[in-house]
Every structure is written in C-alpha cells, then in structure tokens.
Amino acid sequence: MPKTPAARPAGEALTQRQIVTVMVGLMLGMFLASLDQTIVSTSIYTIANDLDGLSLQAWATTAYLITSTVSTPLYGKLSDIFGRRPLYLTAIAIFLVGSLYAGSVNSMTELAFARGVQGLGAGGLLALALTIIGDIVSLKDRAKYQGYFMSVFGISSVLGPVVGGAFAGSANILGFDGWRWVFFINLPIGLAALAVVFLFLHLPAKHAKQKIDYWGAAAITLAIVPLLLVAEQGRSWGWTSLNSFLCYGLGVVGIIWFLLAEKRAGDSALIPLRLFQNTTFGLSSLLNFIIGIGMFGAIAMLPLYLQLVKGLTPTQAGLMMITFTVGILTGSITAGRTISASGTYRIFPVIGTGILTAAATVMGFSLGVDTALWVPGVIAVFFGVGLGFCMQPLTLAMQTSVPARDMGVGTSSAAFFRSMGGAVGTAVFISLLFSLAASRIADGMKSAMADPAYLAVLQDPAVAADPANAKLYEFFRDGASNESLNDTSWLHTANNVLTRPITEGFAYSIDVVMFTAAALTGIAFLISFALPNKKLTDHRPSPEAAAAAAH
C-alpha cells in the first residue's frame, strides 16, 4: 500500500491554487458518474445484441440505478464518521473496477452485475464531491464552485448519448469491440481523478466515535430496491402483476422499518430524523424529490420526442440537447455567483420551479409532428436554466441547515431525494407515454382507415412490396399495444404517409406527459415559497481568515 499523504491540520486552509486543483479531480469523478447514466443509453441495444441478451438489457440500467441510489446516503454518513478523502478514493476505485469488469463481460448477466458494481462507486462520486467542496471552501466561495459542478450534469447529458453512439457504431477500436470503450473510457479519466485527489486533497483527520447504523442501512435497502425495481420493470411486468405488488409491499415494509430504525438510532442514524425538524432541510428534501420527478421525467421526454416523432438518431438527439447544456451552465453559474455575493438563495428555487413549469407547459402545447426543430431547442434552454436555479441553491440550503458534523448527510440527502425523484419520474412518465400512445395510435389508425387517400397508399402494391415497410404492415396486423411499440426502429424508414397516425399518437402522448410534469413542478413552485427567506450563513472562517489566524 502506498503511503498516505499527511492529513491537513485543522487550522490550515488550502490555497486558491490547491482548491482549483482539487476541484478538477472532484469534477472528473462527478463527470464519470453522471456520464455513465447517459452514455449507455445509446449503446445498450448494440451491447445487448452482441451479448445475445436483448430481453435482459433493462437490467443493466436497473442495477446501476439501484446500487448508486442506495449507496448515496451510506457514503454521506460514513464520510461524516471516517472522513471524506478515504471514502471518495474508495468510491473512485470501486467505480474503476466496475468499469474494467463491464468492458470485459461476455454476457448480459455479467454486465448487469458489473453495472451494479459501478453504481456502488457512483453513489459516492455524486454525493461526496459537493460535500468536499463544502469542507474546503467557505460559503462565500462555495456557491460559485458548486455552480460549476452542477454544469457537469448538463455537459454529460449531451456528451453521453453522442459518445455512446459513436463507440457503439464502431466495430473495433484498438482491438476491442467498439461498445466496450463505453466502459473503458472511464479508466484514464478515473485514474486521473484518483491521482489528483490522492496527491492534493488533504483534509483534517476525522476521529468521530459513532456507531454505524447497520439496521438503517439494511432498512433503506429493503425500502428502495423493490420500489426502484418496480419503477424500472413495472411496464413490462404490469403495474398490477404479482411481482409489482410484491415490490410495493416490500417497499412499504422497508420504509416503516427505516423510520423505526432511524428513530432508535438517534444521532447515529443514517439520515437522522431530527434534521427534518429543520424547516429548510425538510422542505428542500421534499422539493428535491418533486423536482426530480417532474424535471427529470420531462427531460427524458425531449430526446424521445426528437427520436420518435422527428426521426433523429440518438446521436443527433444528443447534439440537439446542447442547448440544454447552455441553459444549465447559465443557470448554475448565475445562481452560484449571486448567492456567493449576497447569501440569498430562496429566490432561485422560486424562479427555477416557475421556469420549469412554464417550459413544460409550453412544450405540451407546442410539440407536434410538424413542429420546427428550433422550438424544442429553445425550450431546452429554459429547462436547463430552471434546473440550474434549483439544484445548486437547494443543495447549499441543505448543507447549511445542518450542523457541521452532518455535512455529509446533508449533501448526500439532496442527491438521494433528487435521484429517487428522477427514477420515479422517468419510469412513470415513460410508462404513461407508451400507455397513452397505444390508445391514441389505435384511434388514429382507425380514423385514417376511413380516409380514401390513406387507403390508396396502404393498398398500393409497390408500397406493400417495399422491404422498408415490412415491419409497418406487421404493426398494422398486430395492432397498437405496449408490446408492439417496444421496437420502433422501423418507424422513420417506412412510408411517412402510413406512419403519420403513429407519430401523431406519440406527439399527443408526449404533450400529455409534459402537462403532467408541469403540474408537478407547479406544486414545487408553490412549496418553494414556504422556504425561509433568510441568508445562508456559514459559521466557519473563510480560507483567508483561517490562514491569517494560523499565522
């Protein structure tokens, strides 16, 4: 084992240059975790075909989601006990092992397991980076730095689909299947992050003597795993199937057990219940969850609209989302700099949820089959701004509303509730989309059959003989259903006159989903007014003051 660099004495502050160096390492780690949530989306079809496991592809996503969400609060609490640095280095190491394994698998079962290992590391990368920034800089500078961290999410949401599609489209890169580089690309980035954090991040040693809440960890696992499982798999299982009801039951039991375990554990609890007595912490947790449902569910709809209705490839849809990155960069940096200067934060969640509600409403009214591409591009800018205005200030609010000893819990709780909301929102909205689409498409096809012009194209021997229309005629024969809509890869190569009822059905369904998202973010908008209207305060001295005091 290499010798660990000496911990930084408690009174010694990092210089500006050291902070920037550490921040680069932390941002690389966060970039890894957030990129891995999106890079697999455009390559999973190719991966599943290559590994002969198309029916198992959803488990590769589910495994990552479950382990990353469950581990997030664990990292937060353990870092409060044992220190940030060892936990963050452990998270990077686990993520790298999972990435190496994922790129070397020979079956979808192995890939699901490897993605689970990756998720165990990702939970720490997402939760601890912002916590460490909270440790090494004062509130005055923290908001500015965390604004840059929030922008990482926007950048990864664009790069992920583009890079994943490029790798999946390459037959061979340096002797390996192209799709394997979806995971191997993490290795050089992760090693760089590991080196920077190991060499330059020296925090005061932790000596907190506290019991580890094993029962709470077991309870939250029992609560979350079944609920995330049914959220991801419910559409294929059926929401009223035996498997789904079993997950609902286990989730409820887990939640009750978790509340009882946390009450008994007191200050040693994984997420101490006393923190929710603080109005700022409790409301920010609720807002993170609701915003996660409405916002991430809505964000998932925009790429689907671009692909299902407008016929863009996943890579093209990813490039179209560049405007979303512009928005989140603008929102995060603006909020960060303003909060750094004034200490006032409440206005940003209020404005942010208002912008999200307006953007979702406009999207519901404006997205159709013939809508120009610049329209969703502009809407994505406002989604990004709203997201930047919400995520950054709410994380800061949760950090500063808890005692210094609970900094890890406060920060990881923000990521935990947002991640839970995002998982629920994405799963429910996609299920709602396809359920509505099946019904709407069936009605649209019935109406189209009464149109002589449509029937003339449908009965044209040349159209029927075209191989590009083979899957379309199979679809007409089988009828619109959740099952028949599982594969729409043929939709934009088939005759565009005959596919019109299908694309219109998808457009209508996406509009309804957007109105649902608008209702949820509208509720968050109203709740945001209940946040305390006071300045964020930090009782610790600034780095400059600490350095002066030390001399």
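Side notes on the structure shown:
- Residue 372 being of a type in the set (A, V, I, L, M, F, W, C), part of a helix (DSSP H, G or I) and in the same structural domain as residue 531 (by TED's automatic domain parsing): no
- Within the option set 117, 137, 152, 158, being farther than 21 Å from residue 412 by Cα and of a type in the set (A, V, I, L, M, F, W, C) holds for one residue only, 158.
- Cross-chain or 6+ apart pairs with Cβ under 9 Å, the stretch 412-423 first and more than 13 Å from residue 123 (Cβ to Cβ), then not in a helix (DSSP H, G or I): none
- Residue in the stretch 64-71 that is of a type in the set (Gly, Ala, Ser), assigned to a helix (DSSP H, G or I) and under 21 Å from residue 191 (Cα atoms) present: yes
- Count of residues meeting criterion [β-branched (Val, Ile, Thr), at pLDDT 80 or above and either not in a loop (DSSP other than H, G, I, E, B) or not assigned by TED's automatic domain parsing to the domain that holds residue 186 (or both)] in the stretch 30-44: 0
- Hey, residue 381 surrounded by fewer than 24 Cβ atoms within 10 Å (Cβ to Cβ), within 13 Å of residue 356 (Cβ to Cβ), modelled with pLDDT of 80 or more and under 20 Å from the mean Cα position of the chain (by Cα) or not: yes
- If the condition is being of a type in the set (Val, Ile, Thr) and either at pLDDT below 90 or closer than 21 Å to residue 130 by Cα (or both), then the stretch 326-364 contributes 326, 328, 330, 333, 334, 338, 339, 344.
- Yes/no for residue 312 being outside the structural domain of residue 82 (by TED's automatic domain parsing), surrounded by fewer than 19 Cβ atoms within 10 Å (Cβ to Cβ) and under 23 Å from the mean Cα position of the chain (by Cα): yes
- Any hit, the stretch 210-223, residues being of a type in the set (Lys, Arg) and either without any contact (Cβ under 8 Å) to a residue 40 or more places away in the chain or within 30 Å of residue 252 (Cα to Cα) (or both): yes
- When we screen 334, 330, 325, 353 for residues that are assigned to a helix (DSSP H, G or I), crowded, with 23+ Cβ neighbours inside 10 Å and out of contact with any Leu (no Cβ under 7 Å at 6 or more places or on another chain), the only hit is 353.
- Candidates 503, 426, 411 - the one that is at pLDDT below 80 and outside any loop (DSSP other than H, G, I, E, B): 426
- Across the stretch 389-401, not a single residue is classified as among the β-branched types (Val, Ile, Thr), more than 22 Å from residue 532 (Cα to Cα) and not assigned by TED's automatic domain parsing to the domain that holds residue 145.
- Just one of the numbered conditions (1) aliphatic (A, V, I, L, M); (2) part of a helix (DSSP H, G or I); (3) at pLDDT 80 or above is not true of residue 56: (3).
- When residues of the stretch 140-180 are limited to those that are modelled with pLDDT of 80 or more and of a type in the set (Phe, Trp, Tyr), the one surrounded by the fewest Cβ atoms within 10 Å (Cβ to Cβ): 176
- Within the stretch 102-122, residues that are at negative phi reach partners that are assigned to a loop (DSSP other than H, G, I, E, B) and crowded, with 24+ Cβ neighbours inside 10 Å with beta carbons closer than 8 Å, at six or more positions or on different chains, in the pairs 115/40.
- Residue match in the stretch 189-210 (condition: assigned to a helix (DSSP H, G or I), surrounded by fewer than 14 Cβ atoms within 10 Å (Cβ to Cβ) and not assigned by TED's automatic domain parsing to the domain that holds residue 99): no
- Which listed residue is within 25 Å of residue 423 (Cα to Cα) and crowded, with 21+ Cβ neighbours inside 10 Å, from 67, 109: 67
- Hits in the stretch 431-459 - residues which are out of contact with any helix residue (DSSP H, G or I) (no Cβ under 9 Å at 6 or more places or on another chain) and either of a type outside the set (D, E, K, R) or surrounded by 15 or more Cβ atoms within 10 Å (Cβ to Cβ) (or both): 450, 452, 453, 456, 459
- Extreme residue, farthest from residue 416 (Cα to Cα), among residues of the stretch 233-282 that are charged (D, E, K, R) and surrounded by fewer than 17 Cβ atoms within 10 Å (Cβ to Cβ): 264
Okay, residues lined up against (1) closer than 25 Å to residue 82 by Cβ; (2) under 26 Å from the mean Cα position of the chain (by Cα):
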| position | (1), (2) |
| --- | --- |
| 174 | no, no |
| 189 | no, yes |
| 211 | yes, no |
| 216 | yes, yes |
| 220 | yes, yes |
| 227 | no, yes |
| 252 | no, yes |
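- The set of residues from the stretch 343-394 being among the hydroxyl-bearing types (Ser, Thr, Tyr) and farther than 18 Å from residue 330 by Cβ comprises 344, 357, 361, 366, 371.
The values are calculated or read from the model by the stated rules, or taken from the named source; none is laboratory data. Only a predicted model underlies this, so the values are computations on that prediction, with no experimental measurement involved. Here the Cβ is made from the backbone with ideal geometry for all residues, glycine too, and neighbour counts use every protein chain on show.
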